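The values are calculated or read from the model by the stated rules, or taken from the named source; none is laboratory data. If you're wondering where the values come from, they're calculated on a predicted model, not measured in any experiment. Here the Cβ positions follow ideal geometry from the backbone for every residue, glycine too, while neighbour counts run over all protein chains shown. Calculation scope for accessible area: heavy atoms of the full protein, side chains included, ligands and nucleic acids excluded. Shrake-Rupley method; radii C 1.70, N 1.55, O 1.52, S 1.80 Å.
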Amino acid sequence: MGVLDFPGDLVPLDKDQQGKLRTFLHPAQLLLVCLNHICPRGPPQKPSEPPPDHSQSPEEMFHTFVNKIAQVLNFDTNGDTVTALAVILHNGITTYVFASNNRSKVPLNNARKALSEILNILKLNLEASFKEPDHVIERRLMVKILWWNKVRLRAYLNTLSKELQTCMDRCDTSTPEGTAAKDSLSVMASTLPDPSKKTEEYIQGAVPCIQSIQASRNTPLRRYISARSAEDHNMAKGGSWSNLQHVAGRLLSYQYAVEVLVHAHHTWADTDLFRNFEIESVRSSTPYKGVPSESLLNPVPETAEMVLHRAPGTSKRREALKGHAKDLEKYNLGGSLQSLWAAQVEKGMRPIVHAEILLHSWLLATEGDVQRARFFQGWQYIGMSKPPCRMCTEYFANVITTPVRFRAGHPNTYLNWRLPDLYVDGRQRGREEREKEARIKWCEDLGKMKGRVFAAVERALEEKVAEWKRWDSNTYTSRVESVNGDVELLAGWLGGVGL
């Protein structure tokens, strides 16, 4: 097993492509990000994947399974690492193939090792003459998953400890509800593991804490914290109640992940999904080589009026947008855009191909592309550790045509996004023509993306309401209730959780 590369030769960006990025896409992205930071926030975002009424189909269950596998492989502590995963037939063998943002060869190898150890727990149980009870397998999986996620686990539990104490101090004990909530939070705090313990013991101590969160999800405590969290919504940086809700949900999602995995290994016990499989990873995207940052973004900050002057549409429409931008000076649009632009110039533009686009592009470029027969059970799906960002969602929905399905996206726009790289086969004959055709297609796709970003800018200017989520994880998780085929998507503890 090695890191998979794209077939063919990479086609570098030419000056014309660089100029289009500098003139059109990146300025529009910066303006959109700025608008979403200065405008008042709208109502709380609805869940990206709201639960169906009763149960999932086998294909929906598989989507949940793939998303959860991607989640538990996403054990880096920063938010920059996102993992996308598909189960395909590769070289005649059922293969888990994944791609991640910002992972070098060693972290990719570690993720493959982690997935192997997780899947082998389920494989050994299926092949054993005596099958372990589900709760035993779940415990074994939980410990293994938490071990690989140990750095992130400590960060979550440290935050949980801090927010529990703050929220206990803020409970209104003059009311019966506030007193009961404080008592319940105190019980939860008592389950926190001792941070001085070594990793193995710390992980064992974390399991009861996660179980206590799970036990609290359908109690009056949930309603109390949900109400307090809603009050946090209009705070730009949130508050302790919403922080508590978020971190508790992150921890509980590990419990839901092991339940999904155990259910899946019963559902597809007679397939190669857990018996005869391989694991591969696609090499992560890196910033453009040999392209200076000033070729991608004007080092001199532009005004909103300058950016909008290049918006699609009629001159009358552009003037109307400029008028909306002037109205937003009461929120300091000009100063905020200048500051954001200058900060990005100092940081440098280093866009990468996001994991889901990277994996999809690799599938397209290799034998079988995205045909139904290449995917497990014919289910053309790429799972993700987090919902896709606005740019990726727009790309799949409005730029290209693909039968592959993805998680519903979130509204956040990131400046580190770019179109997939161009590759052509290495034959010299006709190479120049192939490169020309690839660049023409790239420019067409860029034009479509520019249109989608400006459409979002237009909406923000007219409605003067921000479209963004403080956390880009999904607000719902998939939870399997039993192994007899009954599956229920639950809005998890404190209003829903999930990664």
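Structural remarks
- Residue in region 336-350 that is among the β-branched types (Val, Ile, Thr) and either closer than 16 Å to Val282 by Cα or in contact with a strand residue (DSSP E or B) (Cβ under 9 Å, 6 or more places away or on another chain) (or both) present: no
- Of all the residues in region 248-272, those that are open to solvent by less than 10 Å² (accessible area, probe 1.4 Å) and over 15 Å from Asn125 (Cβ atoms) number 9.
- Every residue from region 362-379 that is open to solvent by 20 Å² or more (accessible area, probe 1.4 Å) and under 22 Å from the mean Cα position of the chain (by Cα): Leu364, Trp379
- You will find that of Ser57, Ser48, the residue that is surrounded by fewer than 14 Cβ atoms within 10 Å (Cβ to Cβ), under 23 Å from Tyr381 (Cα atoms) and at pLDDT below 95 is Ser57 and no other.
- Selected residue [open to solvent by 50 Å² or more (accessible area, probe 1.4 Å) and farther than 28 Å from His263 by Cβ] from Thr166, Thr179: Thr179
- If only residues of region 448-467 that are in contact with a Pro (Cβ under 9 Å, 6 or more places away or on another chain) and not acidic (Asp, Glu) are counted, the one that is nearest to Pro287 (Cα to Cα) is Lys450.
- When Lys113, Lys123 are screened for being open to solvent by 60 Å² or more (accessible area, probe 1.4 Å), among the basic types (Lys, Arg) and either in a helix (DSSP H, G or I) or closer than 15 Å to Asp272 by Cβ (or both), only Lys113 passes.
- Test result for Val282, farther than 30 Å from Pro107 by Cβ, in contact (Cβ under 8 Å) with a residue 12 or more places away in the chain and β-branched (Val, Ile, Thr): no
- Just one of the numbered conditions (1) touching a residue at least 60 places away in the same chain (Cβ under 8 Å); (2) within 21 Å of the chain's Cα centre (by Cα) is not true of Asn110: (1).
- Breaking point among (1) farther than 18 Å from Gly19 by Cβ; (2) buried (at least 20 other Cβ atoms within 10 Å of the Cβ), for Lys347: (2)
- Thr393 vs. criteria of a type in the set (Ser, Thr, Tyr), within 20 Å of the chain's Cα centre (by Cα), open to solvent by 10 Å² or more (accessible area, probe 1.4 Å) and at pLDDT 95 or above: yes
- Residue that is farthest from Ala181 (Cα to Cα) [pool: residues in region 205-229 that are within 28 Å of the chain's Cα centre (by Cα) and open to solvent by 80 Å² or more (accessible area, probe 1.4 Å)]: Gln211
- Taken over region 380-390, the criterion of being touching an Asp or Glu at 6+ places or on another chain (Cβ under 6 Å) and either over 21 Å from Val72 (Cα atoms) or open to solvent by 10 Å² or more (accessible area, probe 1.4 Å) (or both) is satisfied by Lys386 alone.
- Residues of region 303-352 classified as at positive phi and basic (Lys, Arg), total: 0
- Contact map, region 401-425: first residue under 27 Å from Thr64 (Cβ atoms), second residue at pLDDT 95 or above and open to solvent by 30 Å² or more (accessible area, probe 1.4 Å), Cβ cut-off under 7 Å, separation 6 or more or different chains; pairs are Gly409/Thr393.
- Of the residues examined, Tyr331 is one that is among the aromatic types (Phe, Trp, Tyr), out of contact with any strand residue (DSSP E or B) (no Cβ under 8 Å at 6 or more places or on another chain) and open to solvent by 20 Å² or more (accessible area, probe 1.4 Å).
- Filtered residue count, region 401-460, keeping only those that are outside any helix (DSSP H, G or I) and within 23 Å of the chain's Cα centre (by Cα): 21
- Scanning region 273-317 for residues that are among the hydroxyl-bearing types (Ser, Thr, Tyr), part of a helix (DSSP H, G or I) and open to solvent by 70 Å² or more (accessible area, probe 1.4 Å) yields one hit, Ser315.
- Leu153 falls short on exactly one of the conditions (1) buried (at least 19 other Cβ atoms within 10 Å of the Cβ); (2) not in a helix (DSSP H, G or I), and that condition is (2).
- Within region 278-296, the set of residues being over 17 Å from Asp80 (Cα atoms) and among the basic types (Lys, Arg) comprises Lys289 only.
- Scanning region 126-150 for residues that are under 21 Å from the mean Cα position of the chain (by Cα) and part of a helix (DSSP H, G or I) yields a total of 4.
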